[in-house]
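The values are calculated or read from the model by the stated rules, or taken from the named source; none is laboratory data. Everything numeric here is computed off the predicted structure, so don't read it as measured data. Note that each Cβ is placed from the backbone with ideal geometry, even for glycine, and that neighbours are counted across all protein chains shown.
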Amino acid sequence: MLTGHLSVTLLALASLSASVVSACSDEHAHDHGHAHQKRLFPQTQLTKPTRPLDWGDLNIIHTTDTHGKCWLLGHQHASFPEPNYSGDFGDFSSFVQHMKQIAIEKDVDLLLVDSGDLHDGTGLSDGFPSGGIDAHDSNQFIKQLPYDIMTIGNHELYDYINTWDMYTNFVPALDGKYLASNVNITVFDANNNTLDVPVGNRFRKFTTGKGRKITSLGVLFDFTGNDVNTTVQSVSDMVKEQWFAEAIAEEPDVFLLVGHMPVSRDNWPTVFNAVRAVHAETPIIILGGHSHIRDCNQPDGRSMALESGRYMETIGWLSAKFGNSSEVNSETNISFSRRYLDQNRATYEYHSQQSNHSFDTTEGQNITQGLLDLAEKYDLSMPFGIAPQDYTISRDPYPSNGSSLTLFINEAAPYSLTLNNTRANISNIMITNSGSQRFDIYSGTFDKNDQIAASPFTDAFMFIKNLPLGVAQEVLPALNAAGADERRKRDLGSVLQEREQEMWKRGFVDRRYMDWLDEMDRRHDGAVKRASQNLTLGYVTSDSCPGVGDDILHAPLASFDIPDFIGSDPPSLSNDTLIDLVFVDFIQEQLLEILNEVQNTTTYTDSDVASYTDVLSNALLGLYAQHAWN
């Protein structure tokens with residue numbers, strides 16, 4: 001049952017949406033002369049692909065986890081692997097247009113598909129002025145590409161206002177191509193009655209240019225971190241719905257199952273098996289996402305599942321060769337191929353058979369210029385300082401001078417959180433989750449866009465006062481299940497495992513992505529790193545599909561284990577000294593649980609927690625850079 005709060009919220013959103021649309025057409029002058037520039041020629045030479053794509057009868061270009069089409073203007077730093085991903089969204093548009101023309105010449109089908117998470121990225125989605133809506137403006141450029149299927153991600157659901165904006169302004173422009181098979185939103189109808197309706201279509205049936213019948217779904221994993229007035233149905237319940245049975249009853253030429261759900265270690269088998277129970281040989285293509293990795297597997301000889309990375313670093317390619325039409329629904333195995341393309345102009349020009357002079361299309365150039373205008377409007381190039389070196393999340397050990405986690409919690413937090421703070425002179429320990437840091441920091445200009453990319457979350461900092469230093473020092477290692485005796489490790493281990501599962505359901509993928517990087521580093525340490533070839537840093541993918549998936553051979557990124565939680569250095573005081581324990585509100589529940597585990601003198605509750613500062617976590621690095629990097 002909904003409260004009257006929804007009515008007030010929707011009225012406010014309607015007003016806000018109108019103001020955003022108006023603001024999109026306004027021209028704002030800026031005092032800062034630091035506009036982003038389109039880099040047609042990256043400062044570093046890019047490696048070109050050496051083998052063409054394997055085209056089939058049905059071909060797919062796949063994007064996922066772009067997060068506001070996060071690096072819409074390209075990854076713009078010179079340190080590798082950033083130049084690998086230096087193409088902008090206008091370049092991608094030109095690439096798609098050229099590839100569509102090649103498909104026509106080859107007399108085959110080419111689809112464009114996205115698997116969700118358009119929100120929460122860099123400045124082009126998150127840097128909107130006060131009164132705006134996350135990704136509303138940047139999504140206008142996404143609408144311009146000829147996507148055949150898009151599906152919802154968990155980052156479309158953390159804030160009701162974002163979901164409502166998608167439902168009201170984005171989904172209608174996709175004309176039935178935006179799918180949300182198991183995700184609903186609560187809205188009002190014309191008679192002011194509440195309705196629980198799908199954010200997009202539950203499924204789509206369409207016919208390709210070459211006459212192939214496609215049935216497509218858009219599935220979200222079992223997400224529990226969604227905002228009020230949105231609903232996510234479990235995947236296991238979704239496949240029991242009558243609409244699902246009716247949607248898959250008629251046999252198409254191909255089932256295209258798209259969703260924001262990893263192709264490995266999640267619930268795709270539930271959907272796959274439900275379809276296979278009705279159609280034993282029909283080709284099935286799965287396009288997943290969410291875990292931010294490059295991955296591929298084949299559930300059987302007539303299916304392939306592909307996941308295409310994150311942050312506009314990877315463009316996925318999948319093709320299927322059916323042979324003559326009578327073999328589409330036969331028992332023979334299908335010849336599939338997949339490729340992970342680095343997102344840059346060298347890649348695009350090679351595979352689209354264009355030169356630098358012939359590559360850009362009018363549509364692509366217009367998108368690039370529109371993004372440059374949006375970056376200027378948001379003042380994304382406003383500089384905070386000059387970073388003296390690269391700082392990485394996991395390519396440098398934690399703690400170390402090259403660790404961005406060390407920089408954030410040992411340098412930036414102690415400075416930024418105590419500015420104009422009445423408790424600045426009281427000793428403290430500061431704790432946050434390592435997942436709060438989302439991207440590396442690179443040497444050179446550190447601007448507003450870099451700040452949002454590196455630390456995008458708007459977590460508030462809370463504190464508990466008058467904790468004995470000896471007790472406060474036990475909290476961080478206990479949170480990480482480190483430094484405890486074997487009994488406590490066992491006790492904490494079950495707690496941490498449950499918490500890890502809950503964090504996954506709430507949408508946090510950092511541990512899965514870091515584990516993938518660790519595996520990549522271990523698997524390829526030695527032979528590739530010592531190779532005489534002059535390889536640039538990048539992803540070196542091992543998946544379950546045949547052949548080599550990476551389009552470019554790279555040397556793997558170094559990967560060091562990082563803890564789930566990080567903390568500032570404790571003060572050099574006696575254990576009975578009373579200090580402040582400072583932490584982000586996101587981990588408050590876990591921290592209180594652990595605090596009551598490591599001591600039994602006091603039972604701490606939410607009533608013992610107070611606000612430490614008005615400074616939010618996404619502002620720390622900018623404040624610090626203004627102080628230390630000028």
Worksheet entry | For MET312: the one exception among (1) touching a strand residue (DSSP E or B) at 6+ places or on another chain (Cβ under 8 Å); (2) modelled with pLDDT of 95 or more | (2)
Item to complete: Output the residues belonging to segment 549-578 that are modelled with pLDDT of 95 or more, under 22 Å from GLU307 (Cβ atoms) and assigned to a loop (DSSP other than H, G, I, E, B).
Response: GLY549, ASP551, ILE552
Discussion item. Cβ-Cβ distance below 6 Å, separation of 6 or more or different chains: which pairs start in segment 187-213 with a residue that is outside the structural domain of THR163 (by TED's automatic domain parsing) and end on one that is among the polar types (S, T, N, Q) and at pLDDT 95 or above?
Written reply: none
Worksheet item: Residues SER532, SER542: which one is modelled with pLDDT under 80 and either surrounded by fewer than 18 Cβ atoms within 10 Å (Cβ to Cβ) or at positive phi (or both)?
Response: SER532
Worksheet item: What tally of residues in segment 50-65 results from selecting those that are over 16 Å from ILE102 (Cα atoms) and buried (at least 19 other Cβ atoms within 10 Å of the Cβ)?
Response: 4
Item to complete: Name the helices (runs of 4 or more DSSP H) wholly inside segment 438-519 in which the number of residues that are at pLDDT 90 or above and polar (S, T, N, Q) is 1 or more.
Response: 448-454, 469-479
Worksheet item: Within segment 119-148, how many residues are charged (D, E, K, R) and either buried (at least 22 other Cβ atoms within 10 Å of the Cβ) or in contact with an Asp or Glu (Cβ under 8 Å, 6 or more places away or on another chain) (or both)?
Response: 4
Worksheet item: For segment 197-244, which strands (runs of 3 or more DSSP E) that fit wholly inside it have 3 or more residues that are surrounded by fewer than 15 Cβ atoms within 10 Å (Cβ to Cβ)?
Response: none
Fill in: Meets criteria (crowded, with 16+ Cβ neighbours inside 10 Å, in the same structural domain as SER94 (by TED's automatic domain parsing) and in contact with a Pro (Cβ under 8 Å, 6 or more places away or on another chain)) for PHE359
no
Item to complete: Output yes when any residue across segment 78-87 is hydroxyl-bearing (Ser, Thr, Tyr), part of a loop (DSSP other than H, G, I, E, B) and touching a His at 6+ places or on another chain (Cβ under 9 Å), and no when none is.
Response: yes
Worksheet, complete the sentence: Just one listed residue, out of SER436, SER404, SER400, is within 15 Å of ILE566 (Cβ to Cβ), hydroxyl-bearing (Ser, Thr, Tyr) and over 25 Å from the mean Cα position of the chain (by Cα), and it is SER400
Worksheet, complete the sentence: Of (1) among the aliphatic types (A, V, I, L, M); (2) modelled with pLDDT under 95; (3) more than 26 Å from the chain's Cα centre (by Cα), ALA610 satisfies every one except (2)
